[in-house]
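Student: If you scroll down you'll find the structure; I have some questions about it.
The values are calculated or read from the model by the stated rules, or taken from the named source; none is laboratory data. Every value quoted in this text rests on a predicted model; they were computed, and no experiment measured them. So basically every Cβ, Gly included, is an ideal-geometry build from the backbone, and we count neighbours across all protein chains shown.
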């Protein structure tokens, strides 16, 4: 922090990652993390680490959806994405990411390791698609492994882990993904995150008739609200994510200006 504003004290990036200048959002540092290549391929290993110091506020987002391509050699290793994010006392991190799109034949392993202090605030939103849905390329990737772990004050507060292999199990069945091709998780950790707010969001955001998506929102631990949403339509999926993020910024963080724009 310098003069009441969060600044980028240190950064280092190797291709394909690129981090440009940060922008000030009412004292918060807003940054767009760019993957300058055409996407990731089998055998690629991309790692990113973010450290938010005490009292700082940081807003991160991606430039666009991340495309995961198949490797020319089917026996090669999967593409690996590893992210570690650390948030110190009385700091805030807002991470809102565009969906990951696994192309036909692609193999991906992605891991998000979130470590935050008990007094810190967190907004997190990641998403994945079943493929290039608009082209009819659904569930044609080879495999997708996903892990999202949140530790608060050193204790595990949330863990989401799954592996999808369309060759072993049909994923378009009613008790799996059904017609959905878009999936997202959001986590909100804050002193203002309560069961009453989670219940209100479930009634107002997730229960709209003919909304075109299904969502579940709940207080899963003290000060921690988790939401999961699936949708068959990309436009409605995007609108729900935007509305949910806006509600979190307004009702909990009291900072609607942190939505930012690309």
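Student: Under the condition of being assigned to a strand (DSSP E or B) and over 15 Å from the mean Cα position of the chain (by Cα), which residue from segment 146-161 is surrounded by the most Cβ atoms within 10 Å (Cβ to Cβ)?
Tutor: Start the filter on segment 146-161 by keeping residues that are assigned to a strand (DSSP E or B), which leaves 146-152, 155-161.
Adding the requirement that they be over 15 Å from the mean Cα position of the chain (by Cα) leaves 151-152, 155-157.
Numbers: 151: 15, 152: 22, 155: 9, 156: 10, 157: 20.
Checking each candidate, the answer is 152.
Student: While we're on this one: Take segment 101-120 and flag every residue that is surrounded by fewer than 23 Cβ atoms within 10 Å (Cβ to Cβ) and either within 18 Å of residue 245 (Cβ to Cβ) or free of Cβ contacts under 8 Å to residues at least 12 places away in the same chain (or both).
Tutor: 112
Student: Scan (1) farther than 24 Å from residue 234 by Cα; (2) buried (at least 21 other Cβ atoms within 10 Å of the Cβ); (3) in contact with a strand residue (DSSP E or B) (Cβ under 6 Å, 6 or more places away or on another chain) for the single condition residue 50 breaks and write down its number.
Tutor: (2)
Student: Quick one: would you say residue 100 is out of contact with any helix residue (DSSP H, G or I) (no Cβ under 7 Å at 6 or more places or on another chain) and within 29 Å of residue 152 (Cα to Cα)?
Tutor: Numbers: out of contact with any helix residue (DSSP H, G or I) (no Cβ under 7 Å at 6 or more places or on another chain): yes; within 29 Å of residue 152 (Cα to Cα): yes.
So residue 100 passes the test.
Student: Right, something else. Quick check, is residue 188 in contact with a helix residue (DSSP H, G or I) (Cβ under 6 Å, 6 or more places away or on another chain) and under 21 Å from residue 94 (Cβ atoms)? Give the steps one after another, and end with the answer.
Tutor: Working: in contact with a helix residue (DSSP H, G or I) (Cβ under 6 Å, 6 or more places away or on another chain): yes; under 21 Å from residue 94 (Cβ atoms): yes.
When the stated conditions are applied, residue 188 passes them.
Student: Further question on the same structure: Given the conditions (1) surrounded by 19 or more Cβ atoms within 10 Å (Cβ to Cβ); (2) touching a helix residue (DSSP H, G or I) at 6+ places or on another chain (Cβ under 6 Å), report the number of the one that residue 26 does not fulfil.
Tutor: With respect to (1) surrounded by 19 or more Cβ atoms within 10 Å (Cβ to Cβ); (2) touching a helix residue (DSSP H, G or I) at 6+ places or on another chain (Cβ under 6 Å), residue 26 is out only on (1).
Student: Let me ask another. If you go through segment 36-47, how many residues are surrounded by 15 or more Cβ atoms within 10 Å (Cβ to Cβ) and not in a loop (DSSP other than H, G, I, E, B)?
Tutor: Of the residues in segment 36-47, 2 are surrounded by 15 or more Cβ atoms within 10 Å (Cβ to Cβ) and not in a loop (DSSP other than H, G, I, E, B).
Student: So which residues in segment 66-100 are surrounded by fewer than 16 Cβ atoms within 10 Å (Cβ to Cβ) and either at pLDDT 95 or above or closer than 24 Å to residue 133 by Cβ (or both)? Can you show your working first?
Tutor: Narrowing segment 66-100 to residues surrounded by fewer than 16 Cβ atoms within 10 Å (Cβ to Cβ): 72-77, 82, 84, 89-90.
Once the filter is applied, which keeps residues that are surrounded by fewer than 16 Cβ atoms within 10 Å (Cβ to Cβ) and either at pLDDT 95 or above or closer than 24 Å to residue 133 by Cβ (or both), segment 66-100 yields 74, 82, 84, 89, 90.
Student: Right, residue 153: touching a residue at least 12 places away in the same chain (Cβ under 8 Å) and on the phi > 0 side of the Ramachandran plot or not? Write out each step before concluding.
Tutor: On the way: touching a residue at least 12 places away in the same chain (Cβ under 8 Å): yes; on the phi > 0 side of the Ramachandran plot: yes.
So residue 153 fits the description; yes.
Student: So, one more: Among the residues of segment 1-35, count how many are modelled with pLDDT under 90, under 17 Å from residue 53 (Cα atoms) and part of a strand (DSSP E or B).
Tutor: The total comes to 2.
Student: Do you know which residues across segment 230-254 are out of contact with any strand residue (DSSP E or B) (no Cβ under 7 Å at 6 or more places or on another chain), in a loop (DSSP other than H, G, I, E, B) and modelled with pLDDT of 95 or more?
Tutor: Of segment 230-254, the ones out of contact with any strand residue (DSSP E or B) (no Cβ under 7 Å at 6 or more places or on another chain) are 232-233, 235, 238-239, 242-243, 246-247, 249-251, 254.
Right, trim to in a loop (DSSP other than H, G, I, E, B) and you get 232-233, 254.
Selection gives 254 alone.
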